[in-house]
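Dropping the structure in here first, questions after.
The values are calculated or read from the model by the stated rules, or taken from the named source; none is laboratory data. The structure presented is a predicted model; accordingly, all values stated were derived computationally and were not measured. Glycine gets a Cβ as well: all are built from the backbone with ideal geometry, and neighbour counts include every protein chain shown.
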Amino acid sequence: MKLNLESARRILVRAPNWLGDAIMSLPAIKGLAEIFEPPELAVVAPASLDGLFERYGFINEVHYITKKNSFGAHKALAGKYDAMFLFTNSFRSALHALAAKCPVRVGYGGNFRGPLLTNVMPKLKRVHMVDYYLNLVRPFGVRMFGQNADFPLLPEEAAFAENISGLDDAVAIPLGARYGSAKCWPHRQLKAFIKLAAGDDRRVVLLGTNSDEMQGEALEDVAPTKITNLVGKTTIGQMAAVMARCAWVVANDSGPLHVAGATGVKTIAIFGPTDHSRTAPMADCVRLVTQNSDCAPCFKRECNGDHHCMEEISAEEIYSIMRTDEKN
């Protein structure tokens, strides 16, 4: 079915499942708003992203779902929207999109989902994920699209960060990575980095989810008087506000890395087994560090070797990048 400015006045977007991908999809969602100028643009997103999309003025409504209620939640939206854009690739998400009864359903094929869509876009390979999402939007309007996402802070989030002392010269470290431990800077390097920062009279702020709490507690013992441990204690927006107030963020290839890039804070992104050409933030404030190992990118969740792609990125190297930048 043809989709044009007149027929798409109510648009529904199925957001990606992961925080980093959701941030990278924002330019495409904004592009939909700019092309169609719809009175209604709503987003369906996993409950784990609660609080992310409400801050963007071009999004009117957000419907959060879980695996258990996804079909029912889509069914409850039946007949309310003219077109649906799927930024997910699974068969399940396309099947559930049918329940929303949108006359137009746009997405990538594959995974046997082509018959469930009305507009199947040719899948791009070896492109940055920002362009991967924008490719679903570009055919409906010839425009110049910005590729960077921003992260406007809500007043209550900014107030949360303002109440934390010692952040002006601090380094924020979001722990973990949802894809697997292979993406994580090794614990011994984190310990060494914290010792360098503490020895330089810097505060280190640890961030992360509940699953990172044990590591956070272990790192807290490295320099107890110089660490603020917020692991498992912030929302996505509060985490962003804290990082925005810090001098630096040092992060794995993870969702928080993309949040940091969107806030504009100086960020060092440590990449190992994943492809930085496709998933690193495009923001100018992000400095990429990688060993460019022969075996990378392997995309393994767990390394069955010596993990040298991450082990060989030393604490001294990362801290030197910070210090050199500050002297210039």
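Search segment 86-109 for residues being outside any loop (DSSP other than H, G, I, E, B) and of a type in the set (Lys, Arg), and hand back the single one that is farthest from residue 120 (Cα to Cα). Break it down into steps so the answer makes sense when it comes.
Taking segment 86-109 first, the residues outside any loop (DSSP other than H, G, I, E, B) are 86, 91-99, 104-108.
Checking the rest, the ones that are also of a type in the set (Lys, Arg) come to 92, 105.
Details: 92: 16, 105: 8 Å.
Checked segment 86-109; the qualifying residue farthest from residue 120 (Cα to Cα) is 92.
Just for segment 154-203: of the residues that are without any contact (Cβ under 8 Å) to a residue 12 or more places away in the chain and of a type outside the set (D, E, K, R), which one is nearest to residue 312 (Cα to Cα)?
199
Answer yes or no: is there a residue in segment 68-85 that is surrounded by fewer than 18 Cβ atoms within 10 Å (Cβ to Cβ), in a loop (DSSP other than H, G, I, E, B) and under 25 Å from the mean Cα position of the chain (by Cα).
Yes, some residue in segment 68-85 is surrounded by fewer than 18 Cβ atoms within 10 Å (Cβ to Cβ), in a loop (DSSP other than H, G, I, E, B) and under 25 Å from the mean Cα position of the chain (by Cα).
Kindly evaluate residue 48 against the criterion of being polar (S, T, N, Q), surrounded by fewer than 19 Cβ atoms within 10 Å (Cβ to Cβ) and either modelled with pLDDT of 95 or more or in contact with a Cys (Cβ under 6 Å, 6 or more places away or on another chain) (or both).
Answer is yes for this residue.
Of the residues 180, 216, 208, 199, which is of a type in the set (Gly, Ala, Ser), closer than 20 Å to residue 291 by Cα and assigned by TED's automatic domain parsing to the domain that holds residue 309?
It is 180.
Would you kindly identify the helices (runs of 4 or more DSSP H) lying entirely within segment 168-249 that contain at least 3 residues that are more than 26 Å from residue 309 (Cα to Cα) and not hydroxyl-bearing (Ser, Thr, Tyr)?
On the way: elements: 187-199, 213-220, 236-245.
Once the helices (runs of 4 or more DSSP H) in segment 168-249 are filtered for at least 3 residues that are more than 26 Å from residue 309 (Cα to Cα) and not hydroxyl-bearing (Ser, Thr, Tyr), what remains is 236-245.
Pick from segment 25-76 the residues that are β-branched (Val, Ile, Thr) and in contact with a strand residue (DSSP E or B) (Cβ under 9 Å, 6 or more places away or on another chain): which of them is nearest to residue 133 (Cα to Cα)?
29
Please find, within segment 277-294, the residue that is surrounded by the fewest Cβ atoms within 10 Å (Cβ to Cβ) out of those that are out of contact with any helix residue (DSSP H, G or I) (no Cβ under 7 Å at 6 or more places or on another chain) and in a loop (DSSP other than H, G, I, E, B).
That would be 294.
For segment 116-139, enumerate the residues that are part of a loop (DSSP other than H, G, I, E, B), within 19 Å of the chain's Cα centre (by Cα) and buried (at least 16 other Cβ atoms within 10 Å of the Cβ).
Within segment 116-139, 128, 135, 136 qualify.
For residues in segment 140-162 being out of contact with any Leu (no Cβ under 9 Å at 6 or more places or on another chain) and part of a helix (DSSP H, G or I), which is surrounded by the most Cβ atoms within 10 Å (Cβ to Cβ)?
157
Somewhere in segment 60-67, is a residue under 22 Å from residue 153 (Cβ atoms) and assigned to a loop (DSSP other than H, G, I, E, B)?
yes
Report the residue count in segment 295-328 for those that are on the phi > 0 side of the Ramachandran plot and surrounded by 14 or more Cβ atoms within 10 Å (Cβ to Cβ).
Step one: of segment 295-328, the residues on the phi > 0 side of the Ramachandran plot are 299, 307.
In the following step, the residues that additionally are surrounded by 14 or more Cβ atoms within 10 Å (Cβ to Cβ) were identified as 307.
So the answer is 1.
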